[in-house]
Amino acid sequence: MAEGSDSFDVVILGGGNAGYSAAFRLVGLGLSVAMIEKDKVGGTCLHRGCIPTKALLHAADLVDEIRHSSDFGIMVQEPQVDWAKVQTFKESVVGRMYKGLSGLVARRKIELVEGEGRLTEPRTVQVRTDDGERTLRAEKAVIVAPGSFPRDLPFIEADGETVHNSNHALVAEDIPSSVVIVGGNYIGLEFASVYRSFGAEVTVVEMLDRIAPAEDSDISEALAKLLQRRGINFKLGVSVTGAKPSDHGVDVEIEKDGNKEVVTAERMFVAIGRAPRTDNIGLEEVGIKTDKGYIVVDANFRTSVDGVFAIGDAVHVPDAEGLHPQLAHVAFIEGMKVAERIAGQDPTPVDYRNIPHVIYCQPEVAAVGLTEQRAKDMGMQVETKRYPFSANARALMLGGGQGFVKTVAEKDGAVVGVHVVGPRASDIITEAQLVTSWEAYPSELAELMHPHPTLSEVIGETFLELAGKPLHG
């Protein structure tokens with residue numbers, strides 16, 4: 001960095017997971033970094049996404065555990081929920097994480113510029129701050145990592161009153177008595193789980209014929225049944241054609257096969273995905289190619305303009321084969337990879353086929369690798385094995401053993417996918433990522449020992465069965 005100037009090796013537009021992970025790695029490689037963030041470092045994940053949502057989910061799970069404690073011989077009264085204290089707990093988790101992250105940024109001597117940034121040239125970013133304008137120049141590269149925001153329905157805007165999106169739901173002053181959730185993917189299902197645990201009547205409306213459409217079909221089917229047992233209602237294969245506030249809260253009009261129906265609830269929650277935050281940041285002015293608002297990059301995260309890279313929720317990676325999820329851990333790895341590329345290293349490409357992902361509803365869903373159908377579509381001859389948590393001692397100790405593990409392997413070949421619906425699925429999926437990433441064969445995996453009693457034994461049982469050595473199956 002030139003002394004007394006606003007010139008840095010790398011300028012990063014966005015301080016979310018993608019931006020700050022790139023900044024940390026760049027500094028570790030000896031480069032000077034300026035990072036622009038108009039809100040708070042940590043972005044959506046820390047402040048309006050992963051962290052606060054999972055804090056609420058933990059509180060919701062605790063309510064359910066207390067409610068069913070008599071199953072374990074522990075008698076307590078129906079739990080009383082102090083929603084304000086639940087929110088205080090959530091904010092305390094976010095606050096501690098934010099304090100720690102801010103400290104890391106400062107200690108690593110990253111220049112954090114608070115304001116709205118806009119590309120004016122390929123390696124120049126103009127920042128509007130509270131104190132005026134500031135121009136930052138990058139000697140090596142600019143990284144664009146602007147993140148995403150919740151999409152709205154075309155006919156009604158989320159207003160934070162009767163119509164919420166995930167941002168509103170995280171700071172709501174109460175839990176509604178009833179809610180219609182539009183969208184049956186991970187965001188909608190996680191909030192459906194929270195609302196139901198805290199006593200709301202929940203209806204999930206999904207335009208496709210199944211919830212969690214990105215999951216293996218067996219997992220989606222099982223999850224729907226388990227959530228229905230909890231009292232969550234589903235209307236699948238329907239289109240939402242209108243919505244308007246009413247005396248009761250909101251009336252949601254849905255249509256299926258030409259038949260219309262109105263679903264009424266106190267509140268409507270819109271979970272139809274997230275859009276890239278790429279408007280008004282100078283992409284068009286400098287000639288960066290986009291596709292439906294997403295920044296087009298190659299496998300090395302280079303945009304169509306030399307010296308400008310892009311990562312995170314707002315990018316479209318053609319080489320990802322349609323497998324580029326908007327997930328925090330994807331942003332982390334992309335930030336590290338692009339930093340190494342800019343620093344002159346030759347990092348391996350991101351393995352998008354083997355990204356683990358989780359739906360933190362109750363029960364949890366976690367998966368990595370190929371679904372059975374995708375493997376078949378790719379021309380593979382596959383073999384699958386399932387093992388139920390109901391046959392696992394640890395799962396029974398935790399309260400019932402719902403769900404199963406399904407493992408997909410190429411016939412006479414490696415394991416290509418592992419799919420879990422059941423207790424603490426998020427805690428056991430990492431083993432599966434190692435298996436699919438290293439293309440391990442069932443015969444090799446059958447030699448591994450899983451401690452007993454643990455939930456991970458269920459994954460091990462599927463490996464044993466695929467190797468022709470079933471133990472309990």
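The values are calculated or read from the model by the stated rules, or taken from the named source; none is laboratory data. Keep in mind the model is a prediction, meaning the values are calculated, not measured. Positions of Cβ are generated from backbone atoms using ideal geometry, with glycine treated the same way; all protein chains shown enter the neighbour counts.
At-a-glance table
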{"read-out": "Residues satisfying the stated conditions in the range 411-454, i.e. in contact with a helix residue (DSSP H, G or I) (Cβ under 7 Å, 6 or more places away or on another chain) and among the charged types (D, E, K, R)", "value": "GLU431"}
{"read-out": "Some residue of the range 23-34 being within 21 Å of the chain's Cα centre (by Cα) and either outside the structural domain of GLU340 (by TED's automatic domain parsing) or crowded, with 20+ Cβ neighbours inside 10 Å (or both)", "value": "no"}
{"read-out": "Residue list for the range 64-96, restricted to those being touching a helix residue (DSSP H, G or I) at 6+ places or on another chain (Cβ under 6 Å) and either buried (at least 17 other Cβ atoms within 10 Å of the Cβ) or at pLDDT 95 or above (or both)", "value": "ASP64, VAL86, LYS90, VAL93, VAL94"}
{"read-out": "Tally of residues being hydroxyl-bearing (Ser, Thr, Tyr) and part of a helix (DSSP H, G or I) across the range 319-365", "value": "1"}
{"read-out": "Residue check, ARG107 surrounded by 13 or more Cβ atoms within 10 Å (Cβ to Cβ) and of a type outside the set (S, T, N, Q)", "value": "no"}
{"read-out": "Qualifying positions in the range 373-414 - over 15 Å from ASP216 (Cβ atoms) and part of a loop (DSSP other than H, G, I, E, B)", "value": "GLY379, GLN381, ASN392, LEU398, GLY399, GLY400, GLY401, GLN402, LYS411, ASP412, GLY413, ALA414"}
{"read-out": "Flag for SER217 being of a type in the set (Ser, Thr, Tyr) and either touching a strand residue (DSSP E or B) at 6+ places or on another chain (Cβ under 9 Å) or buried (at least 18 other Cβ atoms within 10 Å of the Cβ) (or both)", "value": "no"}
{"read-out": "Any chance ASP218 is outside the structural domain of ALA59 (by TED's automatic domain parsing), in contact (Cβ under 8 Å) with a residue 60 or more places away in the chain and outside any loop (DSSP other than H, G, I, E, B)", "value": "yes"}
{"read-out": "Within the range 142-159, tally of residues that are in contact (Cβ under 8 Å) with a residue 12 or more places away in the chain and surrounded by fewer than 24 Cβ atoms within 10 Å (Cβ to Cβ)", "value": "9"}
{"read-out": "Tally of residues being under 20 Å from CYS45 (Cα atoms) and polar (S, T, N, Q) across the range 302-352", "value": "1"}
{"read-out": "Members of the range 283-320 that are small (Gly, Ala, Ser) and either surrounded by fewer than 19 Cβ atoms within 10 Å (Cβ to Cβ) or over 11 Å from VAL144 (Cα atoms) (or both)", "value": "GLY287, GLY293, ALA299, SER304, GLY307, ALA320"}
{"read-out": "Residue in the range 238-259 that is surrounded by 18 or more Cβ atoms within 10 Å (Cβ to Cβ) and assigned to a loop (DSSP other than H, G, I, E, B) present", "value": "yes"}
{"read-out": "Residue selected from the range 363-420 under the condition surrounded by fewer than 21 Cβ atoms within 10 Å (Cβ to Cβ) and among the polar types (S, T, N, Q), by the criterion nearest to HIS450 (Cα to Cα)", "value": "SER390"}
{"read-out": "Residue selected from the range 329-360 under the condition surrounded by 17 or more Cβ atoms within 10 Å (Cβ to Cβ) and of a type in the set (Val, Ile, Thr), by the criterion farthest from PRO213 (Cα to Cα)", "value": "ILE342"}
{"read-out": "Some residue of the range 288-297 being at positive phi, among the charged types (D, E, K, R) and either in the same structural domain as ARG137 (by TED's automatic domain parsing) or in contact with an Asp or Glu (Cβ under 7 Å, 6 or more places away or on another chain) (or both)", "value": "yes"}
{"read-out": "Scan of the range 318-364 for residues that are among the β-branched types (Val, Ile, Thr) and over 12 Å from the mean Cα position of the chain (by Cα), ordered by number", "value": "ILE333, VAL338, ILE342, THR348, VAL350"}
{"read-out": "LEU104 being assigned to a helix (DSSP H, G or I) and either modelled with pLDDT of 95 or more or not assigned by TED's automatic domain parsing to the domain that holds VAL63 (or both)", "value": "yes"}
{"read-out": "Residue check, ARG267 in contact (Cβ under 8 Å) with a residue 24 or more places away in the chain, of a type in the set (Lys, Arg) and within 21 Å of ILE211 (Cα to Cα)", "value": "yes"}
